[in-house]
Amino acid sequence: MTRLLQREREVKLELIASIARGQNALARVLESVADLSEQSPALTKSIREQVRLLTGIQLTMAEMLTGTRLRNYRLGKPGKVWLADGVRASRASTVRGRHEFSREA
């Protein structure tokens, strides 16, 4: 293995260890703050936002490390449901709360 590839591997392992340490630290913080949340709703909101930000940072680090996208955000309006021609929900079944499909001849 070349020196560069070895160093890259070491850096990735260090990042994995860092993410794991961050998760452990976050768990300790949450345990410590759990009792305070009943006394201060504002503190609870602030901590929730900080945890959300830290989680996003760790997720981004994991995505960069693995080279894959771990989340699947889609912004915008969803498209219409597509079914093959001749397939539709039976009106009687949707009235009863079930979705049975029948083929039109």
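The values are calculated or read from the model by the stated rules, or taken from the named source; none is laboratory data. Please read these numbers as outputs of a predicted model, since none were measured by experiment. When we count neighbours, we look across all protein chains shown, and the Cβ atoms used for this are built from the backbone with ideal geometry, even at glycine. Please note that ligands, DNA and RNA were not included when accessible areas were found on the heavy atoms of the full protein model with its side chains. Shrake-Rupley method; radii C 1.70, N 1.55, O 1.52, S 1.80 Å.
The condition (being open to solvent by 70 Å² or more (accessible area, probe 1.4 Å), modelled with pLDDT of 80 or more and under 20 Å from ILE19 (Cα atoms)) is satisfied by just one residue among LEU54, LEU59: LEU54. The residue that is farthest from GLN50 (Cα to Cα), among those in segment 1-13 that are at pLDDT 85 or above and open to solvent by 100 Å² or more (accessible area, probe 1.4 Å), is ARG3. The residue that is least open to solvent (accessible area, probe 1.4 Å), counting only those in segment 14-45 that are closer than 14 Å to THR66 by Cα and touching a helix residue (DSSP H, G or I) at 6+ places or on another chain (Cβ under 9 Å), is ILE19. Against the conditions (1) part of a loop (DSSP other than H, G, I, E, B); (2) open to solvent by 70 Å² or more (accessible area, probe 1.4 Å); (3) at pLDDT below 70, THR68 satisfies every one except (3). Evaluate the following for LEU75: is it loosely packed, with under 10 Cβ neighbours inside 10 Å and at pLDDT 85 or above? Here the answer is no, as LEU75 does not meet what is asked.
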